[in-house]
1. Determine Rg/Rh for the stretch 187-259; Rg is computed over alpha-carbon atoms and Rh is the Kirkwood hydrodynamic estimate from the same atoms.
2. Rounded, prolate or oblate: which one fits the stretch 53-133, using the alpha carbon gyration tensor with axes a ≥ b ≥ c (rounded when a/c is under 1.5, else prolate when a/b beats b/c, else oblate)?
3. What's the angle, to the nearest 10 degrees (0 to 90), between helix 85-95's Cα axis and the longest principal axis of the chain?
4. Which angle between 0 and 90 degrees, to the nearest 10, do you get for helix 53-68 versus the longest principal axis of the chain when only C-alpha atoms count?
5. How would 148, 127 line up from fewest to most surrounding beta-carbon atoms within 10 angstrom?
6. How far is helix 108-128 tilted, in degrees, relative to the longest principal axis of the Cα atoms in the chain, given as a value from 0 to 90 rounded to the nearest 10?
7. Sketch the reach of a paramagnetic label on residue 98 as a point 7 Å from Cα along Cα-to-Cβ, and name the residues of the stretch 32-49 whose backbone nitrogen lies under 16 Å away.
8. Arrange 57, 154 by Cβ neighbour counts within 10 Å, fewest through most, would you?
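Since every read-out is calculated from the coordinates, none of them should be taken as a lab result. Computed from a predicted model, the values in this text were never measured in an experiment. Cβ sites come from the backbone with ideal geometry, for glycine too, and all protein chains shown count toward neighbours.
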Ligand code: SF4
């Protein structure tokens, strides 16, 4: 008989040969903090979400910025970056066929406007950094660490720079505009999450966490300390306890906020007059993959 999600979480889930109680990425941790029901629909029900032009632009721009550093330093120019957009777009289409539904054939002008917005976002990058003077140590790096509680933390870091003195800078590109204070707290929580994993795995606290907002050309930099990261670890442990409790009780409560405007699940959300979907019955194999979301 299939075990319930609750049993699986309680008994531990084998990941890479180690029994873990569960796994969290910054995105899924952020989802639960934002709204438990959104977390449930995304992580447990795995409801499909149509890709948005903004999200796909972010993926394309990330791909260009990742590939740009494969080139010799002198070639990392704005024109070169723009010339890489089409290839990055093709790569995204190969990777996620849903993206091909973004623009119908008769919407060529919309596609052109969207590509122009990709170019404009990339231009902003060159106002903020000079990639000819940078040699990143890592790009699109997968990181993970197991906390003492056996909670696995994992995620992908856009870029890591290491100075000659060993100081680490963690860089994350955001293709949108810099947010208001409450939204910025969410982005910084994600950065502290990465800093915690790097500290645990490398024994060094990153000297700088840097968010690059390409939508409006703004840098947000933050220097974490040990107290910050210990507090982040405690917050993540508490978050996992709250997630376990929701699994046990089935109480995935909606939490209305300005972020609801970006939520794909309003039609299934009581806060918006929608009907709550029944909880899915899961097979154990589905639970192993409890939180791979990025
Ligand atoms: S619409 Fe808002 S309250 Fe409802 S599930 Fe989405 S984020 Fe949660």
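1. Over the Cα atoms of the stretch 187-259, Rg/Rh equals 1.08.
2. It comes out prolate by the Cα gyration axes.
3. Taking Cα atoms only, the helix is inclined about 20 degrees.
4. Value to nearest ten degrees: 60.
5. Lowest to highest Cβ neighbour count: 148, 127.
6. 80
7. Backbone N within reach: 38-49.
8. Ranking 57, 154 by Cβ neighbours within 10 Å, fewest first, gives 154, 57.
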